[in-house]
Structure formats: C-alpha cells, structure tokens
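Here's the structure we're looking at; comments come further down.
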Amino acid sequence: MTSTTLADSDVAALGAVVYGAQTTATPIAKPTNEHPAMTVDDGYLVQNAVRATYLADGHRLVGWKAGLTSKAKMIQMGVDKPTVGFLTEQMAVPEATAVDTTQLVHPRVEGEVAFVLKSDLPTSGCTIDDVVAATAYLLPAIEIIDSRYEAFKFDLQSVIADNSSSSRFVVGTNAQRIDVIDRTNLGLAMVKNGETMTTGSSAAVMGDPAAAVAMVATVVGSLGARLTAGMVVLSGGITEAFAVQPGDHVSARFQQLGVVDVSFA
Ligand code: OOG
Ligand code: MG
C-alpha cells in the first residue's frame, strides 16, 4: 500500500458501512463524497476490512475476480483501470437455482471466463505463462454484480471499497483444458428471456483473459493475499452488464465453453 490518506479509524468505519450495505441490500453514498482525497490504495484497505469481516462471520474465501478489464465495462462505468475483488462460497450460486433479488440492490449480469487453479500463483510479477501453467481448466460463468452505491454510480476508489460490486456468481459445468481452446477469442452471446442482449469476444478482456488473471494475482499479492490451488478466478465482464429483475432468465452462450444459465426470483 503505497499511497493512502485514510486514518485506520476511517478504514474501519467505511468497511463497516460497506459490509452493512452488502449484507442488508441497502444503497449507500460512495465514500469519496465524505473522503474526496481517498486513493485506490485506500479503496483496497477498505475492501480488506470488508473481507476480514466476512471471514470473521464464517464466510469462506473461494476465489478472486478481475473487474473492469474490458473497454465495454470501463466505458459503461466511467473508469479507466481494472480492479480486483474477492469471492466467497456464499456468493456462489448453483446453476439450477434462482437468485433471490430481495437480497440485492440493483443486480446486473455479465458473462465471464472463469479460471480454476491447480497450483498457487506468484504474488508479484505474475505472467500469462504462470497463469496457463497454474490453470486446471476454464468454465463459462455469469457474474451477478450489484453496486451498493446509489444509482450504480461510482469512481474507482469507491467501487474497489465495495469489493468491485461482487455479489453472486454462477459457473457452468463444461470444463475445458486451457491448452485445447483459443481462450483469446471465444465468442459470447448474452441472452435474457430469449433475447440477445449483448455479444462479444473474450479478446475484449485485455486481449487474453489470462492477462486479467495475472493482473489479479499481482494485485492480490500487494494486498497480502494469494491466488492458490483450488480457487476460482473470474477474469472480467466481456461486454457491458445489463439489469435483471425477478422472473428473468439469463444464459451466457460461449463458443467452446458452452452455456451457463441463471434465473432470478
Ligand atoms: C464493477 C465490477 C466490474 C467486471 O467484470 O467488469 C466487474 C462494476 O461494473 O460495477 O465485475
Ligand atoms: Mg465481473
């Protein structure tokens, strides 16, 4: 953490506010309103505090994610740098069940390539080759994001504090070995209630979703944590996210990785 402005007491207080907003699905003002000098590193200190609170409450860390790794996402959200967030077992939704939207503020969905690790990644200077060597297989995934900030509007520092809008995620069952598919150009169609909402290619994610995983490994290393064997890593939304409501059914239809479905109640 090189550039921070928040006092320890501010970090703890903001962590408690964000945790409360996440666990009660209550929108809050973004922390930069009150702390305009807040930096990206401050955002990660708050995210660390939120993660520590989940773990103290018995939640289990199962992975990490990249956020804002595609131009479509950066333009949609008005930020210019990728971020990371943590994933817990309690955020994982089995494919066949419906997500309870009463637990969420204003959910949106996006299609992503998920990496499942078979060995630990370096905590600094992680490369694409490191990621390829450490990946057991890839899975198709849908991330359900839910900013806790009013109107889904934020800046980079604030979204990092809010765990990069993480709320739920679903992975499909069609595991593919990383060396047998072209992960750098997988077509994706996002379908809601039978209508194609967005289309794209995994090329949109930093040219190679493995580059996003390498970025996550290095940033997570700077937070004092590590991507380890067995973890799932979401590499970031390929296209812009769209809103969902109770009754909606969403499919992410991937070239080579197959289909993953989720519905909302
Ligand atoms: C931030 C989270 C971004 C992704 O895949 O880009 C993210 C947001 O858009 O609210 O998960
Ligand atoms: Mg995402």
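Each Cα pair of the chain feeds into the Kirkwood radius, which the Stokes-Einstein equation turns, at 20 °C and 1.002 mPa s, into a diffusion coefficient of 118 µm²/s. Need the list of lysines near K192 for cross-linking: C-alpha distance under 23 angstrom, and skip anything on the same chain fewer than eight residues off. Straight-line reach from K192, under 23 Å: K71, K73.
Using alpha carbons only, how many angstrom separate the centre of segment 125-160 from the centre of segment 228-244? Centre-to-centre (Cα) distance: 5 Å. Helices in the chain that qualify as membrane-span-like (whole DSSP H runs, Cα extent of at least 30 Å along the helix axis, mean Kyte-Doolittle hydropathy of 1.0 or higher) do not occur. The Cα atoms of segment 1-89 define a convex hull whose projected area, averaged across directions, is 6.5 nm².
Cα-based radius of gyration for segment 56-144, normalised by 2.2 N^0.38 Å, reads 1.23.
Each Cα pair under 8 Å and six or more residues apart adds its separation to the average, and for the chain the resulting relative contact order is 28 percent.
Accessible area per residue for segment 30-114 is 40 Å², calculated with a 1.4 Å probe on protein heavy atoms, without ligands, DNA or RNA. The residues neighbouring A189, those whose beta-carbon lies less than 15 Å from its own, together hold a net charge of -3 under the Lys/Arg +1, Asp/Glu -1 convention.
For segment 158-232, the equivalent ellipsoid derived from the Cα gyration tensor has semi-axes of 25, 18, 13 Å, listed largest first.
Where is the GNM fluctuation largest for the chain (alpha-carbon springs, 10 angstrom cutoff): V109, V131, V62? Greatest mean-square fluctuation among the candidates belongs to V62. Among the trypsin sites (Lys or Arg not before Pro) in segment 1-107, those located in a DSSP loop and surrounded by at most 13 other Cβ atoms within 10 Å of their own Cβ are R60.
Rounded to the nearest 0.05, the FRET efficiency derived from the C-beta distance between N174 and D57 at R0 = 41 Å is 0.80. Taking the 1.4 Å solvent-accessible surface of the chain as the whole, the part contributed by carbon and sulfur is 52%. Annotation for segment 1-99: GluC sites (Glu not before Pro) lying in DSSP loop with at most 16 further Cβ atoms inside 10 Å of their Cβ are E34, E95. Within the straight-line cut-off of under 17 Å between alpha carbons, the aspartates and glutamates reachable from K118 are D129, D130, D179, sequence neighbours fewer than 8 places apart in one chain being disregarded.
The values are calculated or read from the model by the stated rules, or taken from the named source; none is laboratory data. What you see is a predicted model; the values in this text were computed from it and never measured. Glycine gets a Cβ as well: all are built from the backbone with ideal geometry, and neighbour counts include every protein chain shown. Quick note on the areas: whole protein, heavy atoms, side chains included, nothing else; ligands and nucleic acids left out. Shrake-Rupley method; radii C 1.70, N 1.55, O 1.52, S 1.80 Å.
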